[in-house]
Each structure stands twice: as structure tokens, then as C-alpha cells.
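Encoded as C-alpha cells, the structure appears first; notes follow it.
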Amino acid sequence: MSPGRVFLLTLCSLPGVITFIELLLRLPLRKRVSELAAASNKAIHVIRSPSISDHWKEKAVPRYARQTMALSISLTFYLIVLFMVFSVVFCLMGLVFLGSLREVLELTYNPVTLVLTVFLGTFYALLRKKIRKPESRSSSDYNLPSRILHHIALGNSAVKEMAFDIDCMMTRYLGIKSSSPVFVSGLARAGTSILLEALYSTGSFATLTYRDMPFVTAPYLWSRITAQHRVRESSKKERAHGDRLYVNYDSPEAFEEAFWLTFTDPPYVKDTHLEIQSPDENLSKKYRKYVGNILARHRDSPPRRYLAKNNNNLTRINTIISAFPDAIIIVPFRNPADHAKSLQIQHERFLQRHAEDPFSLKYMNWLGHFEFGANFKPFNVSPRALPETQEEPENFEYWMRYWECVYAFLLERHAADVIFFDYDKLCDEPESVLSRLEERLALGRDSLKEFSANIECARRHVSQQGLPSQIQNTYDLLRGLSL
């Protein structure tokens, strides 16, 4: 086989090998092997023991035989899953690099493929062990194996679709549905994250957390695979935003956008902006199933309500209502000057971060985070919302204009569909505001009271005096309609 052919074969094999190794480490294979060995040893001991009567042997041996059979079937199933996943990834990569299914199948049975995959697997396992570091939720801290796994799980639509299909097969007969789901959506820096944490702290909701990464389109399957190997506790670390919000593995986060990126057709992500989306019944049906898969992780006990924080949901409010007519959509807002300045600061912060760490840019693209940074894409709510130049978002005036465009759009199109939530009022009167929120969402009395101690005053960036009249009018309307 020519060196060029070996190189192509390496490109086709490596993603499958990495996926195989990562799943192998996460599946409970070692535990099943230990249990199988223990059951076999006990059966042999019973059979050989002269102190155990034949009567008890007749009762015990079939029991151990059934246990051994069940464990053997379980092991076989896991091995089939491993090799099926490797084969699918290998074939997908083969089609990308070779373009012919026939060539891919011929390579599959080539002895060179077997030797190369064993070599790559051994090399990757040793490399993984050598460079492995304590895991962190900051994308820039992800080690090489984690980055490769994220590439495979999030950077390939075919893998995300396949993961979703398998998840749906596993939850097919569970029939779990969400009632009165809650969606938190607004411009970034409006207090959406703290509101998400407050609601999640009640225990009344299920949502995606950092544990669901990177297979976020298969929340049920991934939770089952990683259940035996997950880190039980982890210390909290400040987010990349530098905004005094600390997260760990169990912190809720906006990961559901990966679903919309995968299944929305035609794509809503354009080169310069995000389009406003129209309802699609087929997409709504898939989304209901996806939410059901997330809830299925808690099928034996509450919660039964879905909670999502996703700023991009502002572009698909009608779609969400179509999928869940009883949905409650909360749209936080802040005073325009502070909000605009905060957006500008984060935009500059992430421009630098993306320049220094290309992976963080890919990470944000995979998750649909286009709020600021090198991949900034505004909502196309009006022509005025789009920057006239690439550099314009570095100016405070642009973010003021963008703030007015987005919230004026929401007031005009969706004032009757959403609950406007004043973040500044939350900071000033946390207990009374959260009490009203409890009532509006039909939560238990005082379920948010304890969290009110976690509310810190928002940072004041600029003077609030002398807002342009158009922006002031929009702000006054929002406050008049707020919870």
C-alpha cells in the first residue's frame, strides 16, 4: 500500500479509533468482566465443593448459569456497540476522504486496516494517559483527547443525527412529555444565566448540564454510558466571561442549540447574521422528542418540567409555542446603557480569546453561541441590527442600537407571548421579584427564597442619564410590562 494510501487510511481510521477508546473507557466493560469472573468462580466452587449437597447444587448452579448468561449478553452488547460506532465513524470518514462506499468497504477488510487501527488505538491510549490533565469546563483547558472527542461529537452533523436517532430508539416506549416547560431567552448579558440557575435550584426542572457534553443530542444514552464513570463532585470555576458566575459539572447551561443547528432546514445561521425562523411541524415534533429524551433521565422521579436557557430562542418563539402551547417564555432585560456596555466588553474579551485559542471559537460555533467575539452574528430583526462594518461591534453606539432593535422587535411581535423580566429590579429587590416569579411559574412557595441570597448587584458600567428618546421609549415599555 502506497504512503499516500496509508495516510488516507489513517485519516479515515483515527476518528473511529478515538471514539472507540473513549467509549471503551466510559462503558462498564471492566465491571461486567469482574462480575462475570466472580459468578463463574462461585459456580465452579459450588460444583467442586464436597461440603455442598447435590440438592443445593441443583438449585445454585442454574442460578449462576443465568447470571453468567446475562452478563455475557451484556458484554456482547457493549462490544457490538463499540464496533458498530467505530464502523459508522470509519465509513463516514471514508466517504469524506475517499468518496466511494466500495473503496471504504474494501479497506474495511484489508489486513493493513486492522494493523493500523490497533497501532493508532495503542498510540492514542498512551498519549491520552500521558497528557491527561484535571478536566475543566473552560474550553481553553480541554486536553487533546477531549478536543478530538468534541470535534467528533459536535463538529459532524451526521454523528449528531445518529446520536439523536439512537437516543430516540432507547426512549421510544417511555412516552415522557413535559408540561409547562420554561424557556429563558434574551440578549446575552441580560441576566439569563443567573435566572437559569435560580430556577434550576428549585429541583422542579430538568435541563442540560455540563455533564451532557459533548453528546448533547443523545442526553439519555450519554447519561447511561457515563453513569458509572462520572466525577461525583467538582469544584466550581468562574466562567470564561469573567462575570462572577461559577460553574461545575452539574451547572445548567445553554447546550440545546446543538439540536437546532443539526435539524433546522433551511439553516438559519448565515454568514453575517441569524435569521428569524418560521414554525415547522416536523421540527417541532423532533424537538418535543428531544425534550422527552432529556426528561427521560429522571423517569423514575421528578422533575417533569423542562427548563432551557437559550438566547437564540428569540429567533424561534413561534416554533417553541408550536411545539409547546403551554410554554412559558421569560425574556430578561437590563437598562440599555449598562447592557450595551457589557456586551461591548464581552465582545472585546472574546475577540482576544478567539485569537489566542482557535478551539474556543470552534467550540462556540458548535454550540451556537454567536453573541459576541470573532463569530458574532446578530439577530436579523431589522436592517439596523446588522453592523455596517466588521469593526462596528467594537463601538458602544452599535450595541445601544442593537439593544433597541432586538427589544423593539420583541415588543412588536411577541409582547403577548413572553414575560419580560427586569434584571435590575431583581438585583434591587431579589426576594419580592423571585416571590412573584414563583407564583407566575406555579412553583412551590419560598422555593426561590434561599437562592435570593446569591443575587449580586449588577455592575454599573456607564451613566444612565440622557438615553436617546427611541431607546428610552423602548426601555419604558419593557419596564411597564415586566413581571
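Checked across region 213-229, the condition of being modelled with pLDDT under 80, within 18 Å of the chain's Cα centre (by Cα), aliphatic (A, V, I, L, M) and part of a loop (DSSP other than H, G, I, E, B) holds for at least one residue.
Once region 184-209 is narrowed to residues that are open to solvent by 20 Å² or more (accessible area, probe 1.4 Å) and under 28 Å from K377 (Cα atoms), the residue that is nearest to the chain's Cα centre (by Cα) is E197. Against the test of being buried (at least 20 other Cβ atoms within 10 Å of the Cβ) and either assigned to a loop (DSSP other than H, G, I, E, B) or modelled with pLDDT under 90 (or both), the options G373, G444 yield a single qualifying residue, G373.
Scanning region 258-300 for residues that are open to solvent by 70 Å² or more (accessible area, probe 1.4 Å) and hydroxyl-bearing (S, T, Y), we see that the one that is nearest to S180 (Cα to Cα) is S278. Considering region 70-92, the residues that are of a type in the set (F, W, Y) and open to solvent by less than 70 Å² (accessible area, probe 1.4 Å) include one that is farthest from E103 (Cα to Cα), namely Y78. Scanning region 355-365 for residues that are open to solvent by 30 Å² or more (accessible area, probe 1.4 Å) and within 16 Å of W260 (Cα to Cα) returns a single hit, N365. Just one of the numbered conditions (1) touching a Ser or Thr at 6+ places or on another chain (Cβ under 7 Å); (2) of a type in the set (G, A, S); (3) open to solvent by less than 20 Å² (accessible area, probe 1.4 Å) is not true of G368: (1).
Starting from region 47-71, take each residue that is at negative phi and list its partners that are part of a loop (DSSP other than H, G, I, E, B), counting only C-beta distances under 8 angstrom and pairs at least six apart or across chains. These pairs meet every condition: A60/I52.
Given the structure, is R479 surrounded by fewer than 18 Cβ atoms within 10 Å (Cβ to Cβ) and modelled with pLDDT under 90? In short, no. Scan L187, L208 and give me the residue that is at pLDDT 90 or above and under 17 Å from F259 (Cβ atoms). That would be L208, the only listed residue that is at pLDDT 90 or above and under 17 Å from F259 (Cβ atoms).
Inclusion of A43 among residues that are over 37 Å from the mean Cα position of the chain (by Cα), of a type in the set (A, V, I, L, M, F, W, C) and open to solvent by 50 Å² or more (accessible area, probe 1.4 Å) is not warranted. Restricting R349, R316 to those that are open to solvent by 10 Å² or more (accessible area, probe 1.4 Å) and either in contact with an Asp or Glu (Cβ under 6 Å, 6 or more places away or on another chain) or modelled with pLDDT of 90 or more (or both) reduces the list to R349.
The set of residues from region 330-346 being surrounded by fewer than 20 Cβ atoms within 10 Å (Cβ to Cβ) and aliphatic (A, V, I, L, M) comprises just one member, I345.
The values are calculated or read from the model by the stated rules, or taken from the named source; none is laboratory data. Worth saying up front: this structure is predicted, and the values here are computed from it rather than measured. Backbone-built Cβ (ideal geometry, glycine too); neighbour counts: all protein chains shown. Heavy atoms of the whole protein, side chains included, go into the accessibility calculation; ligands, DNA and RNA do not. Shrake-Rupley method; radii C 1.70, N 1.55, O 1.52, S 1.80 Å.
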